1. Mean separation of Cα pairs under 8 Å and 6+ residues apart, divided by the residue count of the stretch 188-235: what relative contact order is that in percent?
2. Within the chain, what's the longest stretch lacking trypsin sites (Lys or Arg not before Pro) that sit in DSSP loops with no more than 16 other Cβ atoms inside 10 Å?
3. Taking the number of other C-beta atoms within 10 Å as the exposure measure, put D176, D80 in order starting with the fewest.
4. In percent, how large is the relative contact order of the stretch 83-236, given Cα pairs closer than 8 Å and 6 or more residues apart?
5. Can you give me the relative contact order of the chain as a percent, contacts being Cα pairs under 8 Å and 6 or more apart?
6. Out of L102, A28, F242, whose Cα points farthest toward the positive end of the dipole of the chain (charges: +1 Lys, Arg; -1 Asp, Glu; placed on Cβ)?
7. Taking the Cα centre of the chain as origin, sum charge times position over the Cβ atoms of Lys and Arg (+1) and Asp and Glu (-1), and report the length of that vector in debye to the nearest 20.
8. Assuming 0.890 mPa s and 25 °C, estimate D for the chain with Stokes-Einstein, Rh taken as the Kirkwood radius over Cα pairs, in µm²/s.
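Coordinate-derived values only; no laboratory data. Keep in mind it's a predicted model, so treat the numbers as computed, not measured. Note that we place each Cβ from the backbone using ideal geometry, even for glycine, and neighbour counts take in every protein chain shown.
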Amino acid sequence: MFFVVSKIFEFVAAPTNVSIFVTTLGVALLFSRFKRIGRLLATLGVALLLLVGFSPLGHMMAVPLEARFPPPPADMPAPDGVIVLGGSVDENLSGIRGRVTLAEAAERLTAPIALKRQYPGLRIVFTGGSASLRGSRYTEAGTVKQFWTEVGLDTGDILYEDKSRNTFENAVFTRDLVQPRPGERWLLVTSAMHMPRSVGIFRQAGFPVIAYPVDFRTTGELLEWHGSLHATRTMAVLEFAFHEWAGMLAYRLTGKTDALFPAP
């Protein structure tokens, strides 16, 4: 139920979607006896679209998330393993086309390649099924296995968890698969913006991890915003940041994370 509700909320409350819904309702009311309300809503909707597409709002929401867990030092002790979260491939398009289609968070898949070279004995676990509300015959794990096999990373020693649909299930299913021993040091690879919520969930699941953030979307400076010529890029950052802030609140209220804003 939590998974279904979260997907519905994500669709209804996403800032870009809200802007479009408000604008559409306003325009529709212009052709009714509620023209005055329609003008107000249409104006508000356009203002919201300009805000989400051309303002630093998304950047300002994203910076605190990305700054929460800095990368570990380059000379850190050798970890026992690395957990890689899904969200880096389009499993449906990859399955239909027969070729691996990488998503914007592809660095989640390339970072383990460098880590394996640095630490040859590193154990690697990928976790990710399908986040589709209607389900899918394809999984992220299957697509990632194909990619890592093609680039030579997977020689038969990587574990894949292919049932999880969200970060909470990532943590629980991976914990059950790995059964980490006390004192083991496991890196968690995911997008920097997604790291606070992810670490909090893994901790709550009884699987302490070391943050290894990748896929940065901001400069890291709150007031250093360069903007973009493409509104969709600005919108994407805002959507990601909003998703994480809302997700941390929802996960905290349902007891799935150990803090409202997890910290190192």
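1. 38
2. Formally, the longest exposed-site-free interval is 186-264.
3. Ranked by crowding around the Cβ, least crowded first: D176, D80.
4. 23
5. 25
6. A28
7. 940
8. 124
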